[in-house]
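Q: Supplied in structure tokens, the structure appears directly below.
Taken together, the values in this text are just the output of simple stated rules run on the coordinates, not laboratory data. Computed from a prediction, not measured in an experiment: that's the story for all the values here. Here the Cβ is made from the backbone with ideal geometry for all residues, glycine too, and neighbour counts use every protein chain on show.
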Amino acid sequence: MRAEPMRTPRTPEARSGSMAEPAAPAARRSAGARLRSYCDKVLAVAEMEVRKLRHDPTELLTRAIQPTLWLLVFGGVFARTRAIPTGELSYLDFLAPGILAQSVLFVAIFYGISVIWERDLGIVHKFLVSPTPRTALVLGKALSAGVRALSQALIVYALALALGVKMNWQLAALAGVVVLVVLGAAVFATFSLIIACLVKTRERFMGIGQVLTMPLFFASNAIYPTDLMPAWLRWVAHGNPLTYEVDGLRALMLAGGASVLGLSTDFAVLAATLVLLVALAGRMYPRIVV
């Protein structure tokens, strides 16, 4: 008889190690696949929302009226009076980023009404029975609001250039403006969606939206520095995401512009606010149909 070769017994540690080695890359691949799938769903929802613009392109033109009036009328008058101290910047230079942020706010704050329309048409029910995560639905809609808001950036840039505002045309600064506009629009669009989930009717939503826009706008640094505010309003302004958007835009849009709060703080506050609001809206989104 031929002797059997002796086999070295394998310890539990060796067995577990040999199994863990291929499992770790598989887990990483699985996590990467889930992330890619999530991003694909977000982009699909955003692309679907953006396509609606082709059916009503006049919306972009009507949105140009308000920033035009603010820059030409309000900005022109206050630039002549010199009643608001803006340091080394002219008042029109100071105002242009604030009007861009205001335009983004006004585009995004009424975005939630589309969700109420979708519920009435039965579209929300189809979304909810799909395997798409609720946060992906919310984030996709928020990003589409950011794309819509970029049209406002083009309008305000054209107006500012015509009025002689000293703009910063560096590519890095322009890219930063795009990111800030999309972030700001996404924050307020998600906030709008949360309101829509709470009130659930178009009439109530429009009333609340109109009530919120002016306090958000005036309790920020859009048309005057926060140093001119009373102490209590200054605290409110520092809790307002619009303040951080305006501060970042003022640093990036203008030649010689500077951030009072810090650019990293501006981006971090907007990004953190968006994450929190998307998580909250993802939990509340199914309630729109109840």
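Q: Using DSSP to define loop residues, name the trypsin sites (Lys or Arg not before Pro) in the stretch 188-290 whose beta-carbon has at most 16 other beta-carbon atoms within 10 Å. Don't jump to the answer; show the numbers that get you there.
A: Numbers: sites: Lys200, Arg202, Arg204, Arg234, Arg250, Arg283, Arg287; in loops: Lys200.
Here the sparse-neighbourhood loop sites are Lys200.
Q: How many Lys pairs in the stretch 31-289 lie less than 21 angstrom apart by Cα atoms, where the lysines are 8 or more positions apart or on different chains?
A: 8
Q: Let's see if you can work this out: charge +1 on each Lys and Arg Cβ, -1 on each Asp and Glu Cβ, no other charges. What is the dipole magnitude of the stretch 31-289 about its Cα centre, in debye to the nearest 20?
A: Taking the Cα centre of the stretch 31-289 as origin, the dipole is about 680 debye.
Q: At 7 Å along Cα-to-Cβ for each site, give me the label-to-label distance between Glu47 and Val73 in nm.
A: 4.2 nm
Q: Working out 0.36 nm times the residue gap between Thr213 and Val260, then minus their Cα-Cα distance, what length gain in nm do you get to one decimal?
A: That works out to 14.6 nm of additional length.
Q: What are the ³J(HN,Hα) values, in whole Hz, obtained from phi via the Karplus relation 6.51 cos²θ - 1.76 cosθ + 1.60 with θ = phi - 60°, for each residue of the stretch 94-111 in sequence order, with x given for Gly and Pro?
A: 4, 6, 3, x, x, 6, 4, 5, 4, 4, 4, 4, 5, 5, 7, 5, 9, 5
Q: Among Phe110, Leu233, Gly76, pick out the residue whose Cα is farthest towards the positive end of the charge dipole of the stretch 31-289, where Lys and Arg carry +1 and Asp and Glu carry -1 on C-beta, about the Cα centre.
A: About the Cα centre, the residue reaching furthest to the positive side is Phe110.
Q: If I model a spin label as a point 7 Å beyond the Cα along the Cα-Cβ vector, how far apart are those points for Arg80 and Ala279 in nm?
A: Label at Arg80, label at Ala279, 5.2 nm between them.
Q: From the phi angles alone, apply the Karplus equation (6.51, -1.76, 1.60; θ = phi - 60°) to the stretch 129-140 and give each ³J(HN,Hα) in whole Hz, x where the residue is Gly or Pro.
A: 8, 7, x, 5, x, 4, 5, 5, 4, 5, 5, x
Q: Could you tell me which residue out of Leu252, Leu163, Gly122 lies farthest along the dipole of the stretch 31-289 toward its positive end? Charges go on the beta carbon: Lys and Arg +1, Asp and Glu -1, centred on the Cα centre.
A: Gly122
Q: Given R₀ = 30 Å, what would the calculated FRET efficiency be for Ala268 paired with Arg234, taking r from the Cβ atoms and rounding to 0.05?
A: 0.90
Q: Taking 0.36 nm per residue of separation and subtracting the Cα-Cα distance, what length does fully extending Thr62 through Trp169 add?
A: 35.9 nm
Q: Taking amide hydrogens as modeled 1.01 Å from N in the peptide plane, which residues meet the under 5 Å criterion relative to Leu254, leaving out close sequence neighbours?
A: Under 5 Å from the amide H of Leu254 lie the amide H atoms of Asn168, each far enough along the sequence or on another chain.
Q: Here is a further query. Sort Tyr91, Tyr157, Tyr38, Tyr244 so the one with the fewest other Cβ atoms within 10 Å of its own Cβ comes first.
A: Values: Tyr91 22, Tyr157 18, Tyr38 15, Tyr244 29.
Ascending Cβ contact count within 10 Å gives the list Tyr38, Tyr157, Tyr91, Tyr244.
Q: When the Karplus curve 6.51 cos²θ - 1.76 cosθ + 1.60 is applied with θ = phi - 60°, which whole-Hz ³J(HN,Hα) does each residue of the stretch 182-194 get, with x for Gly and Pro?
A: 3J(HN,Hα) across the stretch 182-194, in whole Hz: 5, 4, x, 5, 5, 4, 6, 5, 5, 4, 5, 5, 4.
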